[in-house]
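Quick notes on the structure that follows.
The values are calculated or read from the model by the stated rules, or taken from the named source; none is laboratory data. A quick note: this is a predicted structure, and the numbers were derived from the prediction, not measured. A quick note on method: Cβ atoms are made from the backbone with ideal geometry, for glycine too, and the neighbour counts reach across all protein chains shown.
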Amino acid sequence: MTPLKKMTIRVHQSTYERLKESRLSDGEEIERMFRSHDHKIKEIEKLNEQVVALQKEKQLLFEVTNKMNMTLDILNTMVSNMNVTEFIAHDVDATEVVQAAQLKQEGRVNAMRNY
């Protein structure tokens, strides 16, 4: 067992009341508060690590989204330059991209994106 050291500390009145309300001795209550504080500090550090990981993941998702948008623009450009007047979609109903390409060929829209 670690030898105990005796010391005098000054505390606020609210802290003093809390110590007196506790079932533990003053020293044990103070030790409990320090352990609780240390535990909360560790939890905060873990949460900070999670925030950093989520920020990195968000950045990666942003980059993937940009690449997907570029790919979508390229594909939409390819479809818009195709002759789609006789094109039938695999499900017989025209898809939105084909409809947008037809509208672009008719001159009713300027761009395929966000149709």
- Filtered residues of segment 7-33 (kept if surrounded by 10 or more Cβ atoms within 10 Å (Cβ to Cβ), assigned to a helix (DSSP H, G or I) and either modelled with pLDDT of 85 or more or not hydrophobic (A, V, I, L, M, F, W, C) (or both)): T15, Y16, E17, R18, D26, G27, E28, E29, E31, R32, M33
- Spot the failing condition for L4; the list is (1) surrounded by 10 or more Cβ atoms within 10 Å (Cβ to Cβ); (2) more than 30 Å from L103 (Cβ to Cβ), and only one is missed. (1)
- Note on the structure: Expected single match for part of a helix (DSSP H, G or I), modelled with pLDDT under 90, surrounded by 10 or more Cβ atoms within 10 Å (Cβ to Cβ) and within 30 Å of the chain's Cα centre (by Cα) among L61, L75 is L75
- Query: Would you say S22 is more than 30 Å from E96 (Cβ to Cβ), among the polar types (S, T, N, Q) and touching a helix residue (DSSP H, G or I) at 6+ places or on another chain (Cβ under 6 Å)?
  - Reply: yes
- Some residue of segment 89-98 being at pLDDT 80 or above and part of a helix (DSSP H, G or I): no
